[in-house]
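Let me begin by presenting the structure, written as C-alpha cells, before commenting on it.
All of the numbers you see were taken from the coordinates with simple rules; none came from a lab. What you are looking at is a predicted structure, and each value in this text was computed from that prediction instead of being measured. Using ideal geometry, Cβ is built from the backbone for each residue, glycine included, and neighbour counts are taken over all protein chains shown.
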Amino acid sequence: MFLSKLRSLLTALEYDRAIRAAIKWPKFSLVSFLIISRLKRAGISPRTVIDLGANVGQFAVAAANLFEGAKILSFEPDPRTANVLKENLKTFKQAEIFVMAVGDSVGEAEFYVNKDAQVSSMLKLGSDRIHDFPQSTVVEKITVPVTTLDTLFKGRELEQPILVKIDVQGFEDRVIRGGKDFLKQAEWVLMEVSFAKLYEGERDFKSMLELMSEHGFRFLRPLNYHTSPLTGQIIEMDALFQRDVGELQS
C-alpha cells in the first residue's frame, strides 16, 4: 500500500513538473521529458549527450534542461528540420548542432524525407509502417552528408560520462558499426529498437541485442514504447543499454 501511494505521488509530481516545462521550454515533448526523468531517477546523469536523430530538438531541449550543465551534440540530416532545431536550441550555449547523418560510412547518401518528419529515414519505408501509418509518406528524396562516430570524434576529448541517444529510424545498426571505437568511451546507449517491419533493412530487437553485446553493452530496461494505432501491439521501444562492468575505458 505504501509503495503504491509513493508511486502515485511521484507520478503526480512528475506530471506537475512536465506542465511547467511545457509552458517554459521552447520545444516540449512529454515522451522525452519522461524518458530523461526516468534516467535521472535511476541515477544516470551524463556530462555529454550525443543526440543522433535530433529532429527539431524534442530530446535535446529536455536533455539541456534536465541534465544540468551537460554538453549536447545534436545531429539532424534534413537541412530544413535542422533549421527548426537550431531555433529551438539557440538559447542553450552547451548545445552544438551538426547537419549530417551518422552511419557506417563517410561521404553522401540518400535521405527519404517523410510527411511526418519524425519518421524520415536513410531507409525506405517497410511494409508495417506503410500499412499501420498510411499518413507517413515520403515526399522527397535528398542527398545528405554522412559520417561515422569514429571519424567524427577521433582525437576529440568529451567529458565523461557519455550517453549516446540513437533514434535514426532503422539505421541504428549502421551507427553502431561506424562507432566501434567511439562507443568504448560511452557509458549508456539509449536506442529505439523495433519489433515490426517499419523500414527496409532494419534489424529487429533480438539482432540488436546481439550487436550491442558484441560491443560490450547489456540491455538494462525499456524506457518507453510505441504501439500500432491499428492493433495496439508494441512496435518500437526506447531501450536503455549500459556498458558491462569493466568494459568502460578510462
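Counting only Cα atoms, I'd like the Rg/Rh figure for segment 1-140, Kirkwood definition for Rh.
That ratio equals 1.03.
May I ask you to evaluate 6.51 cos²θ - 1.76 cosθ + 1.60, the Karplus curve with θ = phi - 60°, for each residue of segment 69-75 and list the ³J(HN,Hα) values in order in whole Hz, giving x for glycine and proline?
The phi angles translate into x, 6, 7, 10, 10, 10, 10 Hz.
Highest mean first, what order results for 157-163, 33-39 on Cβ atoms within 10 Å?
Output ranking for 157-163, 33-39: 33-39, 157-163.
Would you compute, from DSSP H runs of 4+ residues alone, the mean residue ellipticity of the chain at 222 nm, taking -39500 (n - 2.57) per run and dividing by the full residue count, rounded to the nearest 500?
Calculated at 222 nm, the ellipticity per residue is -9500 deg cm²/dmol.
Take the alpha-carbon centre of segment 21-50, take the same for segment 91-113, and report the distance between them in whole Å.
Cα centres, segment 21-50 to segment 91-113: 21 Å.
Can you check what the net charge comes to around Val56, using other residues whose Cβ is under 11 Å from the Cβ of Val56 (Lys, Arg +1; Asp, Glu -1)?
0
How large is ³J(HN,Hα), in whole Hz, for each residue of segment 90-106 in order, when computed from phi with the Karplus curve 6.51 cos²θ - 1.76 cosθ + 1.60 and θ = phi - 60°, using x for Gly and Pro?
5, 8, 9, 5, 7, 9, 10, 10, 10, 8, 6, 9, 10, x, 10, 8, 10
How large is the charge dipole for the chain, taken about the Cα centre, if only the Cβ atoms of Lys, Arg (+1) and Asp, Glu (-1) carry charge, to the nearest 20 debye?
About 900 debye.
Can you pull the one-decimal nm distance between simple spin-label points at Thr227 and Glu157, each 7 Å off the Cα toward Cβ?
Here the modelled spin labels are 4.9 nm apart.
Using a 7 Å offset from Cα along Cα-Cβ at Val84, what residues in segment 53-68 end up with backbone N under 15 Å from the label point?
Counting backbone N atoms under 15 Å from the label point, the list is 53-61.
Putting +1 on Lys and Arg Cβ atoms and -1 on Asp and Glu Cβ atoms, find which of Leu30, Leu85, Gly103 reaches farthest to the positive end of the dipole of the chain.
My answer, from the dipole projection, is Leu30.
Mind checking the dipole of segment 19-118: about its Cα centre, +1 per Lys or Arg Cβ, -1 per Asp or Glu Cβ, Debye to the nearest 20?
Roughly 720 debye, rounded to the nearest 20.
Rounded to a whole number, what is D in µm²/s for segment 30-243 from Stokes-Einstein with the Kirkwood radius over alpha-carbon pairs (37 °C, 0.692 mPa s)?
It comes out at roughly 190 µm²/s.
Starting with the highest mean, order 92-105, 47-60, 135-148, 185-198 by the number of other Cβ atoms within 10 Å, averaged over the residues of each peptide.
Going by the mean number of other Cβ atoms within 10 Å, highest first, we get 47-60, 185-198, 92-105, 135-148.
For the pair Glu210/Ile234, report the inter-label distance in nm, with labels modelled 7 Å from Cα in the Cβ direction.
Between Glu210 and Ile234, the simple spin-label model gives 2.1 nm.
Which pairs, out of Lys86/Lys115; Lys40/Lys197; Lys124/Lys206; Lys93/Lys180; Lys24/Lys115; Lys40/Lys206, put more than 24 Å between their alpha-carbon atoms?
From Lys86/Lys115; Lys40/Lys197; Lys124/Lys206; Lys93/Lys180; Lys24/Lys115; Lys40/Lys206, over 24 Å: Lys40/Lys197; Lys93/Lys180; Lys24/Lys115; Lys40/Lys206.
Indicate, rounded to the nearest 5 percent, the antiparallel portion of the DSSP beta bridges found entirely in segment 30-243.
Just about 55 percent of them are antiparallel.
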